[in-house]
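The structure under discussion appears below in the form of C-alpha cells.
The values are calculated or read from the model by the stated rules, or taken from the named source; none is laboratory data. Since this is a predicted model, take the numbers as computed values, not measurements. Here the Cβ positions follow ideal geometry from the backbone for every residue, glycine too, while neighbour counts run over all protein chains shown. Surface areas here come from the heavy atoms of the whole protein model, side chains and all, with no ligands, DNA or RNA. Shrake-Rupley method; radii C 1.70, N 1.55, O 1.52, S 1.80 Å.
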Amino acid sequence: MRRAIGLALRGWGRTHPNPMVGAVLVEDGRVAAEGLHERDGGPHAERAAIDSLGRPPGPHATLYVTMEPCSTAGRTGACTGAILAAGIRRVVVGATDPNPAHAGAGFAVLRGAGVETVTGVLEAECADINLIYNHWITRGTPFLAGKLASTLDGRIATRTGESKWITGGVAREDVHRWRALFPAIAVGAGTLMADDPRLTARREGMAIECPTRFVFDGRLRSVVDDRLPAVYSDEFARRTVAVTTRHAGEGYVRKLRDRGVGVWIFDSADARVPLAKFRARCADEGIIGVLFEGGANLLSRALSERELDYLIAYQAPVIFADERSKPVLGGLRTERLSQAIRLADVRRLNLGDDSLARGRIVYPDGVQIDEALSGLG
Ligand code: AOF
Ligand code: ZN
C-alpha cells in the first residue's frame, strides 16, 4: 500500500477535480504491475495497473489500491468491472471514496461478486492524499487552506518588520510543493506590496507552474501608477484575479482588465471581501482548492469569518520574545480555552530544523471577534 501511495502522489496537482489514486498488482508476493491516475479524464489507477500487465493476472493476484474502486461507468468505465473482467479475486483498499456516487458501493459490488475485499489499510494516509478532492466531492465548495510560518513564539516579523527568512530553505521548498498542488493561491494586498511575490511553484528540475493567483484587495490599492506588482505584469498575468469590492476605483479595475488580469467585484459594506461570497464564486468557477499564503491580516480574517478549512503551519526554532514583534494571527477574543480553535487529523513533519504541523480546523462555539482588531486589512 505504501508503494501504491507513492504512485498516487506522482499525480500531484494534475488530477483535479479527480483524486490522486495509485494501484499495485501483486502476484506470488511480487509486484507484477503498477498504475496511477495521472490526470483528470485519463484511465483510473486500477485499469492502468491491469492494462500495463499486458496479460491476464495470475489466479492468486492481489490488487492494492489507495482508494475504493469506482462502481459506476463515469467517463472511463467502472473499475469494479475492470477488476472482475481481469479475474482478480482479492483487492486491498486504503480509503473509501467519499464521492456520494461510490462511498462504499464499490466494496459491495466486489464482495457481491465473491472478491475478497480488505478495506481501511493505511486509511488515514490514503485519505490524506486527497484533502482537496475529499472536501470538494462531499460539499461542492472549494477547500480553503491557510499557510503560515512563524517563530516558536508565534511571530512573523521583528518589531522593525524584518521577516526574511524565519524558516529555512527546506521548509520554503516545501511551500512550493503545496503551491503546485493547489489550483489557486491567495494573498492580501499588503503582502503583495511588501514582498511582490510571484506566487508560482518553482521546484528543482521542473518547469515553473502557475496556479490561479488571487489578490485580496478591497480598494485595489495595489494597482499603483508606477511599477505594477509582478502578478499583474509577469507572463502569467492572465492567471491573476484581483478580488475586490465596489469601493475600488473604476480606473483601477479597467487598468487590470486591460492587461488581461481578472477582477472579481463583491458587494460589501466596508472595503473587505466577504470570504463566504468568495468561496461561492470559486465553486461556480470550478476552482476546488485555494491556498491562502498570507499575510497575517487575510489569514486572521479568514479564520474569524470561519471560512478556513485547513491550516499548514511551519514553525522555526527561533524566538523573538518581543511584544512589539508581529504576531502570526489575531483578531479574535479568546477568553476561555474552550473557545480555542483546534486542529484535527494533525500530521507533522520535520523539515531541516523547522517543523510543519497541518490539520483540519475545528471551530469552537461562540468565539467573539475582537472589535478593536477587526479593522485589520
Ligand atoms: C477509481 N480509481 O484512479 C480514480 C477514481 O470521470 P471519471 O470516469 O474519471 O470518474 C471520476 C470519479 O471516479 C471520481 O469522482 C472518483 O469518485 C473516482 N475516481 N476512482 O476507482 C481512480 N481517479
Ligand atoms: Zn475507477
Next item on the list: Keeping to region 309-348, report how many residues are assigned to a strand (DSSP E or B), in contact (Cβ under 8 Å) with a residue 12 or more places away in the chain and open to solvent by 30 Å² or more (accessible area, probe 1.4 Å).
Entry: 10
Checklist line | Looking only at region 142-181, and only at residues there that are open to solvent by less than 40 Å² (accessible area, probe 1.4 Å) and in a loop (DSSP other than H, G, I, E, B), the one that is farthest from ligand 1 (Cβ to nearest atom) | finding: Thr151
Next item on the list: Would you be able to say whether some residue in region 49-59 is surrounded by 18 or more Cβ atoms within 10 Å (Cβ to Cβ), under 27 Å from Glu209 (Cα atoms) and within 12 Å of ligand 1 (Cβ to nearest atom)?
Entry: no
Next item on the list: State which residue is nearest to ligand 1 (Cβ to nearest atom) when the search covers only region 60-83 and only residues that are at pLDDT 95 or above and out of contact with any helix residue (DSSP H, G or I) (no Cβ under 8 Å at 6 or more places or on another chain).
Entry: Gly81
Note to self: Looking at region 188-209, I want the residues that are farther than 17 Å from Gly169 by Cβ and have a partner that is open to solvent by 30 Å² or more (accessible area, probe 1.4 Å) and of a type in the set (A, V, I, L, M) with Cβ atoms under 9 Å, at least 6 apart or on another chain. Which pairs are those?
What the structure shows: Met193/Val224; Arg198/Ile208; Thr200/Ile208
Notebook entry, point to check: What number of residues in region 239-281 are touching a residue at least 24 places away in the same chain (Cβ under 8 Å), open to solvent by 90 Å² or more (accessible area, probe 1.4 Å) and under 25 Å from the mean Cα position of the chain (by Cα)?
Noted result: 1
Notebook entry, point to check: Which one is most open to solvent (accessible area, probe 1.4 Å), of the residues in region 61-101 that are more than 12 Å from ligand 2 (Cβ to nearest atom) and of a type in the set (D, E, K, R)?
Noted result: Arg89
Note to self: Of the residues Arg254, Arg213, only one is charged (D, E, K, R), in contact with a helix residue (DSSP H, G or I) (Cβ under 7 Å, 6 or more places away or on another chain) and not in a loop (DSSP other than H, G, I, E, B); which?
What the structure shows: Arg213
